[in-house]
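Taking it in order: structure first as structure tokens, then the write-up.
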Amino acid sequence: MVKMNSRERVLLTFEHNEPDRVPLWYGASDALTHKIMKAYYASDEEELM
């Protein structure tokens, strides 16, 4: 499967087709995100997701 950008992923999902991964929305504050990244030893937000 080809890597998609977020827009393609959501539009494909709305068409009831299977994207390369599940689209998600993450709306936490930067401070919380950094705390979670530290707790899970993630180097960036992409790795955290």
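The values are calculated or read from the model by the stated rules, or taken from the named source; none is laboratory data. If you're wondering where the values come from, they're calculated on a predicted model, not measured in any experiment. Methodologically, a virtual Cβ is constructed for each residue, glycine included, from the backbone with ideal geometry; neighbour enumeration extends over all protein chains shown.
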Inspect all residues belonging to segment 32-44 and state whether any of them is among the hydrophobic types (A, V, I, L, M, F, W, C), surrounded by 11 or more Cβ atoms within 10 Å (Cβ to Cβ) and part of a loop (DSSP other than H, G, I, E, B). yes
If you check every pair at least six apart or on different chains, which have Cβ atoms under 8 Å apart with a residue in segment 36-49 that is within 17 Å of Trp25 (Cα to Cα) first and a residue that is surrounded by fewer than 10 Cβ atoms within 10 Å (Cβ to Cβ) and among the charged types (D, E, K, R) second? Met37/Asp44
Pairs, please: C-beta under 8 Å, at least 6 apart or cross-chain, first residue in contact (Cβ under 8 Å) with a residue 60 or more places away in the chain and more than 15 Å from Leu48 (Cα to Cα) and in segment 13-33, second assigned to a loop (DSSP other than H, G, I, E, B) and not aliphatic (A, V, I, L, M)? none
Given the conditions (1) modelled with pLDDT of 95 or more; (2) surrounded by 14 or more Cβ atoms within 10 Å (Cβ to Cβ), report the number of the one that Leu48 does not fulfil. (1)
